[in-house]
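Remarks on the structure that follows.
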Amino acid sequence: MLPGINIEFQNGALGQVVPLPDGCFGVVTMADEVSTTFVHETPYIVKSMKDVADLGITDTVGNHILYKFLEEFFTEGGTGQELWIMAFPKLDVSTPVKMSDLFTSVSGEVPVAKLMNAANGKLRGLFALWNPDATYTPVITDGMDADVALTKTKAQAFLEDYTNTKKAPAFCVLEAYAFTGIKTALADLTYETNNRVAVLIGDTETRTGVTASKGTALGVLAGRLAKNSVQTNIGRVADGPVKQLSMYILDDKVEDYDVESLHDKGYITFRTHVGKSGYFFTDDPLATEVADDYHYLTMRRVIDKAFRIAYNTLLNFLLDDVQLTNQGTVSPIYAKTIEGQVINAIYSQMTANGELSADLTDTNDKAVVCVVDLTNNVAATSKLNVTVQVRPKGYARYIDVPLGFVPVNN
């Protein structure tokens, strides 16, 4: 070998991680098939309106609702956002398919689970887009299609079960389909316990327009969430208004409707701000009581991300041979190894990205606490008890400003 200098690049010192797809969502709907390019109960991935065109999905009568969702999604979220689609038939033999049917177990399988499974746990949220057959007639209960309340319950149960079994937590947003416009008739969602489900009111189309929309601007909400980091509220004014120039509640412009009443009952809707042009989201509540730690979608997205990171980190310790003390409890040194890996994983993937609240006055604070129980007899139970806590961001929902004149000294 000739004399020379050999320099090798080292790798692994920076500890960089692959970003989690926090804005990867799925939409389930009823739609018309398009030849062989867009087939029922088949998962598809689109990242642009070109991909939508390649599937043959166009603004036809049968697929207007889906096309509208997709156009609004990419207008708000931008090209490149990954969206999974699965469409179902509008009719089951001769009976119109309801949204709740897609969340109802058939032979032990919930239809929407097929999309979740195809994405292999990648989907962080589901958007349930009503597009029933033309013969479908909503039965109105609590100011909207009664099927919304049933879907809400079924979606919550499905997502809880999916989280427990697949370790892939997600949320779901429903439409206040066929909302009558009578705000006093609406159920108060703040008395419910569906902390993985939200309900949206408000649309880019009027109720009695050419398309006579009974749905909502679900694509706008999905697009805003897709481009936001998990801790960012959809109503954050600094992010600017939504891209759509018009927003309605039935035939009324949003600014002419009492949206505060909708907000107070726990619905996501749109609003305007004096001195600002355009439309903004009011807030991001889920259909659960205010005292619930996960009353807001921001809190749900934050804790779900922490869940995934903690699970993936702790999975490396499953069936590991655990160093024990002579009392059968876990060795403090081994426990510290576990704690350190969980804390560092959540810190590098969340706190360092501004998604958690680290105490800026404490250089050692990582906004994460992980504690392994040193008292549990692992030899007898084969169980490690690990507690993980994260510190979320706060949100300035109300800003009080006493305003007056500076006193004049006589």
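The values are calculated or read from the model by the stated rules, or taken from the named source; none is laboratory data. If you're wondering where the values come from, they're calculated on a predicted model, not measured in any experiment. Here the Cβ is made from the backbone with ideal geometry for all residues, glycine too, and neighbour counts use every protein chain on show.
Checking each residue in the range 345-366 for being within 22 Å of Ile333 (Cβ to Cβ) and either surrounded by 20 or more Cβ atoms within 10 Å (Cβ to Cβ) or more than 22 Å from the chain's Cα centre (by Cα) (or both) picks out Ala345, Ile346, Asn364, Lys366. Residues of the range 297-333 that are of a type in the set (Val, Ile, Thr), touching a helix residue (DSSP H, G or I) at 6+ places or on another chain (Cβ under 9 Å) and under 18 Å from Val369 (Cα atoms): Ile309, Thr313. Is it true that Leu221 is of a type in the set (A, V, I, L, M, F, W, C), assigned by TED's automatic domain parsing to the domain that holds Gly77 and under 20 Å from Val302 (Cα atoms)? So Leu221 fits the description; yes. Only one entry in Ala291, Ala287 is among the small types (Gly, Ala, Ser) and in contact with a helix residue (DSSP H, G or I) (Cβ under 7 Å, 6 or more places away or on another chain), namely Ala287. Do we find that Thr211 is farther than 24 Å from Pro21 by Cα, modelled with pLDDT under 95 and of a type in the set (Val, Ile, Thr) in this structure? So Thr211 passes the test. Among the residues of the range 164-183, those identified as farther than 24 Å from Glu205 by Cβ and either in contact with a helix residue (DSSP H, G or I) (Cβ under 7 Å, 6 or more places away or on another chain) or without any contact (Cβ under 8 Å) to a residue 24 or more places away in the chain (or both) are Asn164, Thr165, Lys167, Ala168, Pro169, Ala170, Phe171. None of Val342, Val302, Val322, Val369 is in contact with a strand residue (DSSP E or B) (Cβ under 9 Å, 6 or more places away or on another chain), in a strand (DSSP E or B) and surrounded by 13 or more Cβ atoms within 10 Å (Cβ to Cβ) except Val369.
If we keep just the residues of the range 185-217 that are acidic (Asp, Glu) and within 14 Å of Ile249 (Cα to Cα), which is surrounded by the fewest Cβ atoms within 10 Å (Cβ to Cβ)?
Here the answer is Glu205.
If we scan the range 385-402, do we find a residue that is small (Gly, Ala, Ser), within 17 Å of Ile303 (Cβ to Cβ) and without any contact (Cβ under 8 Å) to a residue 60 or more places away in the chain? Yes, there is a match, as at least one residue in the range 385-402 is small (Gly, Ala, Ser), within 17 Å of Ile303 (Cβ to Cβ) and without any contact (Cβ under 8 Å) to a residue 60 or more places away in the chain.
Counting the residues of the range 214-261 that are in a loop (DSSP other than H, G, I, E, B) and within 22 Å of Asp22 (Cα to Cα) gives 14. Tell me, yes or no, whether the range 114-132 has at least one residue that is without any contact (Cβ under 8 Å) to a residue 24 or more places away in the chain, assigned by TED's automatic domain parsing to the domain that holds Ala178 and over 20 Å from Phe171 (Cβ atoms). Checked the range 114-132: no residue is without any contact (Cβ under 8 Å) to a residue 24 or more places away in the chain, assigned by TED's automatic domain parsing to the domain that holds Ala178 and over 20 Å from Phe171 (Cβ atoms). Within the range 194-208, being in a loop (DSSP other than H, G, I, E, B), touching a residue at least 60 places away in the same chain (Cβ under 8 Å) and closer than 19 Å to Phe73 by Cα holds for Ile201, Gly202, Thr204, Glu205. Out of all the residues in the range 327-338, is one or more surrounded by 16 or more Cβ atoms within 10 Å (Cβ to Cβ), of a type outside the set (Asp, Glu) and assigned to a loop (DSSP other than H, G, I, E, B)? No: zero hits. Can you pull out every residue in the range 240-294 that is crowded, with 22+ Cβ neighbours inside 10 Å and on the phi > 0 side of the Ramachandran plot? Gly266, the sole residue that qualifies. The residue that is surrounded by the most Cβ atoms within 10 Å (Cβ to Cβ), among those in the range 99-141 that are more than 28 Å from Glu82 (Cβ to Cβ) and in contact with a helix residue (DSSP H, G or I) (Cβ under 9 Å, 6 or more places away or on another chain), is Pro138.
Residue under question is Leu245, and the condition is that it be within 23 Å of Ser48 (Cα to Cα), over 21 Å from the mean Cα position of the chain (by Cα) and of a type outside the set (Lys, Arg); does it hold?
When the stated conditions are applied, Leu245 passes them.
Please work out if Ile343 is at pLDDT 95 or above and among the β-branched types (Val, Ile, Thr). It is true that Ile343 is at pLDDT 95 or above and among the β-branched types (Val, Ile, Thr).
Among the residues of the range 310-319, those that are without any contact (Cβ under 8 Å) to a residue 60 or more places away in the chain and either outside any loop (DSSP other than H, G, I, E, B) or in contact with a strand residue (DSSP E or B) (Cβ under 7 Å, 6 or more places away or on another chain) (or both) comprise Asn312, Thr313, Leu315, Asn316.
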